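**Q** Mind looking over this structure? Questions follow.
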Amino acid sequence: MKAVVVHQAGDSSVLKVTQIAKPQVKSGWSLVKIMGFGINRSEIFTRQGLSPSVTFPRILGIECVGVIEETTDEQRLSVGQKIISIMGEMGRDFDGSYAEYVLLPNEQIYPVSTTLDWKTLATIPETYYTAFGAYQNLKITSHDRILVRGGASGVGTAFVKLVKAKFSDVKVYASVRNTAKKAQLLDAGYDDLVSDDNGVLKTDVTFTKILELVGPATIKDSLGHLQEDGMICSCGQLGRKWYLEEFDPIMELKNNVYLTTFYSGNVSQKKIQKMLTYIEQEQVDVRPERVFDLETIQKAHDYLESDVAFGKVIVLN
Ligand SMILES: NC(=O)c1ccc[n+]([C@@H]2O[C@H](COP(=O)([O-])OP(=O)(O)OC[C@H]3O[C@@H](n4cnc5c(N)ncnc54)[C@H](OP(=O)(O)O)[C@@H]3O)[C@@H](O)[C@H]2O)c1
């Protein structure tokens, strides 16, 4: 089979398309024929050698959509069954999805029932799963006014599409560090932009719900823009700060507001199916920004690392 093998850390040129043997099925694992997958920033970090637990050679890729080719779990999985897989140690502890086939532990293979085409399905896994989890935890209603802090991110743009598909009248604002991507952000569904000046929102507007993707670096500032009884879901760390310091819950949340999160490692077949059903029923505008194939995967990484990157980048086999 064709696979992209990384032998040592480096720039995108270390992503080598190679012919290798198809993995052999072993007890507790099944073989998946990969139809497509999204490229994630975490794979760029791993490729650069910034994931200390990952050793090379390794096939990267933390998610995929495809069909069962061979299985050791005939009760739950059948040959030809459509599946999604995300998270676990795929592409980290064991070889991942940058290939034509991947061998996966049965417990992280989620059968799905959907009529979505492969291009749409490949755009969904990790990014939409996170956005949908946040959407649910924020208990969005038609009465909300929402801010997405870190609005230009993949999770942010997926979130606004999920909201707008059901609640087209709800106003959703994107916080941005610069307005260079304004046209793309409005096209994604945002109503307006709010300028984020070094962690300070430049607006007097207040919100009922905030999706905090910049994370601990800006939560306190975001809380200052949350209305009484409002809710904030902090599930990103774009601000590159992982922990809250000097956070007095009583004083910071004194306005009767609620702080929640969503963790995409908290994954189940039921939740994945619920998301897919929502996307189909509400006709969510899921589309990739760029589509590549295995042969052009270096270009896919280069694009995602560039200043013009926007939205979801996928590979189709
Ligand atoms: N909770 C979970 O389980 C989970 C799952 C998936 C992802 N995440 C997290 O969610 C966040 C978003 O992930 P993603 O993959 O969607 O990111 P992404 O698409 O890589 O987002 C990158 C974009 O975010 C914007 N950005 C970066 N730093 C910013 C800042 N300080 N303030 C405002 N905007 C900023 C940048 O746009 P501009 O350059 O145009 O400003 C950049 O293009 C990440 O922190 C990721 O780790 C969490």
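The values are calculated or read from the model by the stated rules, or taken from the named source; none is laboratory data. Computed from a prediction, not measured in an experiment: that's the story for all the values here. Using ideal geometry, Cβ is built from the backbone for each residue, glycine included, and neighbour counts are taken over all protein chains shown. Accessible surface areas use protein heavy atoms only, side chains included; no ligands, DNA or RNA. Shrake-Rupley method; radii C 1.70, N 1.55, O 1.52, S 1.80 Å.
**Q** Determine, yes or no, whether Leu238 is farther than 30 Å from Gly36 by Cβ, within 15 Å of the ligand (Cβ to nearest atom), in contact with a Leu (Cβ under 7 Å, 6 or more places away or on another chain) and open to solvent by 20 Å² or more (accessible area, probe 1.4 Å).
**A** no
**Q** Working only within segment 131-146, note down all residues that are in contact with a helix residue (DSSP H, G or I) (Cβ under 7 Å, 6 or more places away or on another chain), outside any loop (DSSP other than H, G, I, E, B) and closer than 8 Å to Lys209 by Cβ.
**A** Correct list: Ile146 only.
**Q** Just to be sure before I move on: is Ile297 in a helix (DSSP H, G or I), closer than 28 Å to Tyr101 by Cβ, of a type outside the set (S, T, N, Q) and out of contact with any Asp or Glu (no Cβ under 7 Å at 6 or more places or on another chain) in the structure I sent?
**A** yes
**Q** Looking only at residues in segment 301-310 that are open to solvent by less than 20 Å² (accessible area, probe 1.4 Å) and near the ligand (Cβ under 8 Å from one of its atoms), which one is nearest to Gln184 (Cα to Cα)?
**A** Among those residues, the one meeting the criterion is Phe310.
**Q** Return a yes/no flag: does segment 29-45 have any residue that is without any contact (Cβ under 8 Å) to a residue 60 or more places away in the chain and touching a helix residue (DSSP H, G or I) at 6+ places or on another chain (Cβ under 6 Å).
**A** No, the conditions are met nowhere in segment 29-45.
**Q** Which condition does Ile140 not pass, out of (1) away from the ligand (no atom under 16 Å from the Cβ); (2) buried (at least 21 other Cβ atoms within 10 Å of the Cβ); (3) closer than 18 Å to Ile39 by Cβ, if it passes all the others?
**A** Every condition holds for Ile140 apart from (3).
**Q** Could you list, in sequence order, the residues of segment 251-283 that are open to solvent by 90 Å² or more (accessible area, probe 1.4 Å) and within 16 Å of the ligand (Cβ to nearest atom)?
**A** Result: Tyr263, single match.
**Q** Tell me, yes or no, whether segment 243-250 has at least one residue that is in a loop (DSSP other than H, G, I, E, B), within 16 Å of the ligand (Cβ to nearest atom) and touching a Pro at 6+ places or on another chain (Cβ under 9 Å).
**A** Yes, there is a match, as at least one residue in segment 243-250 is in a loop (DSSP other than H, G, I, E, B), within 16 Å of the ligand (Cβ to nearest atom) and touching a Pro at 6+ places or on another chain (Cβ under 9 Å).
**Q** When you scan segment 19-57, how many residues do you find that are part of a strand (DSSP E or B) and under 22 Å from Val291 (Cβ atoms)?
**A** Selection size over segment 19-57: 7.
**Q** Based on this model, can you work out whether Gly61 counts as at negative phi and of a type outside the set (Lys, Arg)?
**A** It is false that Gly61 is at negative phi and of a type outside the set (Lys, Arg).
**Q** Continuing with this model, one more query. Would you be able to say whether some residue in segment 45-52 is modelled with pLDDT of 95 or more and either at positive phi or among the acidic types (Asp, Glu) (or both)?
**A** Among the residues of segment 45-52, at least one is modelled with pLDDT of 95 or more and either at positive phi or among the acidic types (Asp, Glu) (or both), which makes the answer yes.
**Q** Now for a separate question. Go through (1) in a loop (DSSP other than H, G, I, E, B); (2) modelled with pLDDT of 95 or more and name the single condition Gly88 misses.
**A** Single failed check for Gly88: (2).
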